[in-house]
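Everything on this sheet refers to the single structure shown next.
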Amino acid sequence: MTRTGSGPLTPDELADWYAEPDDLGDGTWVRASFISTLDGRVTGPDDRSGSLNAGSEGDAAAFHHLREWADVVVVGAGTAIKEDYPPLPGVALAVVTRGEVLPPTLARAEPDAGEDGTGEVVLIGGEGELTGAQILASLRRRGWRRIVVEGGPHLLASWLRDGLVDELCLTVRPVLAGGDGPLLVGLDVELGRLIGEATHLLVWDGDVLVRTRLR
Ligand SMILES: NC(=O)c1ccc[n+]([C@@H]2O[C@H](COP(=O)([O-])OP(=O)(O)OC[C@H]3O[C@@H](n4cnc5c(N)ncnc54)[C@H](OP(=O)(O)O)[C@@H]3O)[C@@H](O)[C@H]2O)c1
């Protein structure tokens with residue numbers, strides 16, 4: 001049964017809307033948090049996500065809510081560089097790379113980890129291309145269970161190939177981008193079958209925010 005609704009939502013309503021299922025086993029829940037166009041592109045004319053999410057109140061609310069919910073936000077080095085990620089206040093940031101160094105802006109940032117690890121920046125890499133399972137194991141070793149993968153598509157593919165994304169939280173903006181910008185799921189990613197079941201559909205000022213269970 002798909003829950004439907006319309007925004008705007010208050011912070012309490014958002015917390016209810018994005019509540020994770022009760023039956024989480026060891027408590028691990030992996031969410032992918034993305035925004036795309038109708039044609040599946042994750043960047044707009046500025047070659048970043050900025051031109052997609054500009055003016056989307058619903059996307060901003062969901063994006064920040066998911067960060068507040070998370071123990072750790074995970075991004076690929078490409079996104080950390082392209083989107084100029086700083087250390088994130090109140091939540092740990094894990095950057096995945098095949099290399100051994102953090103992107104320059106993060107490497108230069110002052111460490112600001114709280115006792116619970118919030119604000120911490122960690123590098124997951126140095127062993128070539130990592131599978132989703134390797135990345136997840138590394139996060140779980142640190143005690144992180146509420147995991148939000150913010151991109152980009154290259155990193156998302158590793159998690160999808162291993163069937164490790166529990167839920168996709170996607171804002172669909174009703175626009176077309178065309179061109180050859182990155183797709184949410186790249187053309188080289190074989191999933192074998194259609195996956196996904198919408199559990200929540202929220203219409204907020206013309207945008208559609210979908211929660212889709214992937215496993
Ligand atoms: N619309 C959205 O929601 C959204 C979200 C995020 C990003 N984006 C956009 O997407 C574009 C970037 O796409 P992308 O696919 O290149 O991003 P990405 O996955 O963040 O970056 C790719 C890089 O991350 C590292 N990486 C990713 N997965 C890895 C793995 N399994 N093992 C080891 N290293 C891994 C590698 O870094 P090294 O090269 O250092 O090894 C790789 O070159 C940007 O234009 C960004 O603006 C959009």
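What the table shows:
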quantity	calculated
Of all residues in the range 116-133 being within 15 Å of the ligand (Cβ to nearest atom) and part of a loop (DSSP other than H, G, I, E, B), the one that is nearest to residue 163 (Cα to Cα)	131
Subset of the range 170-184 that is touching a helix residue (DSSP H, G or I) at 6+ places or on another chain (Cβ under 8 Å) and part of a strand (DSSP E or B) - its residue that is farthest from residue 97 (Cα to Cα)	173
Looking only at the range 157-215, and only at residues there that are hydroxyl-bearing (Ser, Thr, Tyr) and either within 23 Å of residue 78 (Cβ to Cβ) or at pLDDT below 95 (or both), the one that is surrounded by the most Cβ atoms within 10 Å (Cβ to Cβ)	171
Checking residue 19 against (1) within 17 Å of the chain's Cα centre (by Cα); (2) surrounded by 12 or more Cβ atoms within 10 Å (Cβ to Cβ), the condition it does not meet	(2)
Odd one out for residue 139, checked against (1) more than 9 Å from the ligand (Cβ to nearest atom); (2) in contact (Cβ under 8 Å) with a residue 24 or more places away in the chain; (3) more than 23 Å from residue 43 (Cα to Cα); (4) assigned to a loop (DSSP other than H, G, I, E, B)	(4)
Any pair with Cβ under 6 angstrom, 6 or more apart, that starts in the range 155-169 at a residue that is in a strand (DSSP E or B) and ends at one that is near the ligand (Cβ under 10 Å from one of its atoms) and at pLDDT 95 or above	168/32; 169/33
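The values are calculated or read from the model by the stated rules, or taken from the named source; none is laboratory data. Because the structure is predicted, anything quoted here is derived from the model rather than measured. Please note: Cβ atoms are built from the backbone with ideal geometry, for glycine as well, and neighbour counts cover all protein chains shown.
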